[in-house]
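Colleague: Before I ask anything, here is the structure I am working with.
Bear in mind that the values in this text are calculations on the coordinates, not laboratory data. Please read these numbers as outputs of a predicted model, since none were measured by experiment. Note that we place each Cβ from the backbone using ideal geometry, even for glycine, and neighbour counts take in every protein chain shown.
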Amino acid sequence: MNPETTIGVLFVCLGNICRSPVAEGTFAQLVRERGLADRFHIDSCGTAAYHVGQPANATSRQVAREAGIELTSRARQFALSDFTGFHYILTMDRSNYDGVLGHASAAQDRERVFMFRAFEALTGPPPPDFVPRRVAVDVPDPYYGGRDGFEEVQRIVSRTAAKLLDYLVARHRLVP
Ligand code: 4NP
């Protein structure tokens with residue numbers, strides 16, 4: 001991995017066991033399918049430490065597996081060093097967004113932070129002047145609900161991750 005040319009993308013939720021592992025695994029799969037794995041450094045984390053060291057939630061893993069995606073993450077908490085390690089810090093909901101921004105100490109930290117679903121607004125290849133909004137709707141937290149909620153997370157993440165990758169390919173002029 002060459003840090004000069006590698007694009008760091010970090011997905012953030014609360015516990016790092018339900019939503020952000022799905023985003024990490026789904027985005028990484030799309031990147032591999034596009035032949036761009038060596039251009040990205042992809043990870044996920046949580047704003048809270050409750051589940052540090054744990055694999056993704058069993059229902060998240062099952063739903064992802066049915067979509068052809070293996071989730072291999074182990075939960076970790078967001079760290080200040082993530083502001084320099086990752087170019088794009090994409091939060092699953094508004095609470096995570098506010099939590100991450102609360103740790104930012106410089107404009108260059110803040111400008112890396114977006115809500116993941118800001119990229120869902122794209123239809124087709126992004127126009128050259130497309131500027132993603134920072135704030136968007138939440139990826140709903142499935143933790144306290146049934147399997148339906150986890151399936152909804154996978155659907156939201158699958159369509160948004162594809163649009164995010166289209167944006168990054170255009171913005172960074174990536175070719176396989
Ligand atoms: P996640 O879901 O933020 O998508 O990983 C949650 C995981 C754990 C808890 C809440 C949400 N919790 O309260 O322990």
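Colleague: Go over the candidates GLY25, GLY46 one by one and state the one that is surrounded by 17 or more Cβ atoms within 10 Å (Cβ to Cβ) and within 10 Å of the ligand (Cβ to nearest atom).
Modeller: Testing whether each residue is surrounded by 17 or more Cβ atoms within 10 Å (Cβ to Cβ) and within 10 Å of the ligand (Cβ to nearest atom) leaves just GLY46.
Colleague: Within the bounds of region 26-33, is there any residue that is out of contact with any Asp or Glu (no Cβ under 9 Å at 6 or more places or on another chain), charged (D, E, K, R) and assigned to a helix (DSSP H, G or I)?
Modeller: yes
Colleague: Can you tell me how many residues in region 70-113 are out of contact with any Cys (no Cβ under 8 Å at 6 or more places or on another chain) and either within 16 Å of the ligand (Cβ to nearest atom) or at positive phi (or both)?
Modeller: So the count comes out to 12.
Colleague: Continuing with the same structure: Scanning region 34-43 for residues that are over 10 Å from PRO176 (Cβ atoms) and not aliphatic (A, V, I, L, M), which turns out surrounded by the fewest Cβ atoms within 10 Å (Cβ to Cβ)?
Modeller: Per the stated criteria, the residue is HIS41.
Colleague: Considering ALA170, ALA161, which residue is among the small types (Gly, Ala, Ser), surrounded by 13 or more Cβ atoms within 10 Å (Cβ to Cβ) and within 16 Å of the ligand (Cβ to nearest atom)?
Modeller: Sole residue among the options that is among the small types (Gly, Ala, Ser), surrounded by 13 or more Cβ atoms within 10 Å (Cβ to Cβ) and within 16 Å of the ligand (Cβ to nearest atom): ALA161.
Colleague: Here's a check for you: in region 133-142, which residue that is over 14 Å from VAL63 (Cα atoms) and surrounded by 12 or more Cβ atoms within 10 Å (Cβ to Cβ) is farthest from the ligand (Cβ to nearest atom)?
Modeller: Step by step, filter region 133-142, then rank; the result is ARG134.
Colleague: A further question follows. Looking only at region 8-65, count every residue that is among the hydroxyl-bearing types (Ser, Thr, Tyr) and farther than 19 Å from ILE156 by Cα and tell me the total.
Modeller: Number of matching residues: 2.
Colleague: Would you mind stating whether GLY35 is more than 13 Å from the chain's Cα centre (by Cα) and within 15 Å of the ligand (Cβ to nearest atom)?
Modeller: no
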